Amino acid sequence: MRAVRVIPCLDVDSGRVVKGVQFGDLRDAGDPVELAHRYDAEGADEVVFLDITASSEGRATMVDVVRRAAEQVFIPLTVGGGVRTLDDAIKLLRAGADKVAVNTAAVQDPLLVSRIAEALGSQCVVVAIDARVSVPRGNEESPEGAAAVRGVNHEQVPGAPPERWEVFTHGGRFPAGIDACEWALRCQELGAGELLVTSMDRDGTKDGFDVALTRAITSTCSVPVVASGGAGELQHLVDVALLGGADAVLAASIFHYEEHSIAEAKRYLASRGVSVRPPNP
Amino acid sequence: MIAVLDYGIGNLRSAEKALVHLGVDARLVTSERQARGATGIVLPGVGAFGACIRALRSSGLERVAMNALAEGTPFLGVCVGLQMLYEASDEEPGERGLGVLEGRVRSLPSGVKRPQMQWNVLLRSERSRSRLLEGLGDASWVYFVHSYAPEMTDDVVATCEYGGVVVAAVERDSLWGTQFHPEKSGATGLAILRNFTRQCA
């Protein structure tokens, strides 16, 4: 059977969990190992650590966080953020990570994906794709275009050109000039074992996932797709699983601030017809 | 001491850390000398079948595995560590496996996502009284990451449903194997590893 995974994501800055709103405005949310352990106990299917540390000292801290987490947390652990080379990937896997997520470095050097896949296996290579709705030139001022930019209108307007998304790098700062679906397919061909797709229009807004973006990627690619960005209530998880075809749903703030527990999320998903591994009793 | 064979592939620490967490003296070993005196052997494996078997051979640890299997030392193969015990794999038909178990490793059924990268329910064979799976509840969920799996044989004690019947665990005398990752399967996985360590006493 296919069971949708529920994945809490921890943004880690110099060894502490933080949660930003649209890639800025950081708030402290605790110790990553402690949180990962709590999520494991609640029935999380996997944990993602996203290293958002800028300094190189902070990066060494991350390897230590992974090592400590791997001693206590016995569910899959994915680490992303700042993975630039095969050596970075090896270091994290040796510390106890099961998968590494590459983002900006993969856009700059797509063969990095192949090198990691060949050396360590596709199962440990996740390509993280940050995407934003792209508005055709000249349409910026139209109501639909403006709404799309705000991430409000994700329904396809009849007769409108198909929606497109552009890849962004460096934590969402720079447009890469690549179409998200084309990039996703390329990553799969290069050996990515999974895609972590974040809607930057939705990230931190709690308005719900960009279901159309998720659908576009899941219908293009055959590897598992993790949907990310915008979870604000439990129904959003259901929508992206059922309508977007997501293989896994990733969320941060709804779990960190104890608005909802992992167990609640799973019970809700199950009650709406999404099969999940039941939460721990 | 339980020896976890470290032939330089992927994240092999997880298995060791899970065993240590259970209070077992488990060590990553890279040579025959380090493996001496082991009361149990764990053969992990991630990535491609061919890459794993070649790394195992060039590390010299193939002999450690074969000797342990011949002597009846409790042995656990995990994921590609299980697949390598078969004669061959469709993933790389030109490369021979260890051939300790009869049969081949086959691609997962078509029409489902590959890899299977998710938790799934263990379905126990009715007649099986597996020592490895002893004491588990009726609906035990474990974590899988794989695109290939061994074909059905008499050694199979548990399967899962993923586009068809997929082999999840095998058992023959003192040889056990799991296609899933017990070291990544939370409390259920730790219970399975604990069952294995009891066999190593």
Unmet criterion (only one of (1) touching a strand residue (DSSP E or B) at 6+ places or on another chain (Cβ under 6 Å); (2) charged (D, E, K, R); (3) not in a loop (DSSP other than H, G, I, E, B)) for B:ARG63:
(1)
Could you pull out the residue among B:LEU101, B:LEU108, B:LEU85, B:LEU69 that is touching a residue at least 24 places away in the same chain (Cβ under 8 Å) and touching an Asp or Glu at 6+ places or on another chain (Cβ under 8 Å)?
B:LEU101
Please verify whether the range B:34-43 includes one or more residues that are in contact with a helix residue (DSSP H, G or I) (Cβ under 8 Å, 6 or more places away or on another chain) and either within 13 Å of chain A (Cβ to nearest Cβ) or β-branched (Val, Ile, Thr) (or both).
yes
Quick check: anything in the range B:113-136 surrounded by fewer than 17 Cβ atoms within 10 Å (Cβ to Cβ), out of contact with any Cys (no Cβ under 7 Å at 6 or more places or on another chain) and either hydrophobic (A, V, I, L, M, F, W, C) or modelled with pLDDT of 95 or more (or both)?
no
Can you name every residue in the range B:4-33 that is outside any loop (DSSP other than H, G, I, E, B), open to solvent by 20 Å² or more (accessible area, probe 1.4 Å) and away from chain A (no Cβ under 13 Å)?
B:ARG27, B:GLU32, B:ARG33
Whether any residue in the range A:187-206 is touching a His at 6+ places or on another chain (Cβ under 9 Å) and open to solvent by 10 Å² or more (accessible area, probe 1.4 Å) is what I want to check.
yes
Filter result (surrounded by 19 or more Cβ atoms within 10 Å (Cβ to Cβ) and either on the phi > 0 side of the Ramachandran plot or assigned to a helix (DSSP H, G or I) (or both)) within the range A:69-90
A:ALA69, A:ALA70, A:GLY81, A:GLY82, A:ASP88, A:ALA89
Within the range A:91-112, which residues are touching a strand residue (DSSP E or B) at 6+ places or on another chain (Cβ under 9 Å), more than 14 Å from A:LEU50 (Cα to Cα) and either within 8 Å of another protein chain (Cβ to nearest Cβ) or buried (at least 24 other Cβ atoms within 10 Å of the Cβ) (or both)?
A:LEU93, A:ALA95, A:GLY96, A:ALA106
Taking helices (runs of 4 or more DSSP H) that do not extend beyond the range A:209-281, which have at least 3 residues that are in contact with a Leu (Cβ under 9 Å, 6 or more places away or on another chain), among the basic types (Lys, Arg) and farther than 21 Å from A:SER199 by Cα?
none
Being within 14 Å of chain A (Cβ to nearest Cβ), closer than 30 Å to A:ALA248 by Cβ, of a type outside the set (S, T, N, Q) and surrounded by 19 or more Cβ atoms within 10 Å (Cβ to Cβ): is that true of B:LEU76 here?
no
Name the residues in the range B:99-141 that are within 22 Å of A:VAL276 (Cβ to Cβ) and either of a type in the set (Phe, Trp, Tyr) or not in a loop (DSSP other than H, G, I, E, B) (or both), would you?
B:GLN116, B:MET117, B:GLN118, B:TRP119, B:ASN120, B:VAL121, B:LEU123, B:ARG124, B:TRP141
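The values are calculated or read from the model by the stated rules, or taken from the named source; none is laboratory data. Since the model is a prediction, treat every value here as computed from it, not as a measurement. Glycine gets a Cβ as well: all are built from the backbone with ideal geometry, and neighbour counts include every protein chain shown. Accessible surface is based on the protein model in full, side chains and every heavy atom, while ligands, DNA and RNA are left aside. Shrake-Rupley method; radii C 1.70, N 1.55, O 1.52, S 1.80 Å.
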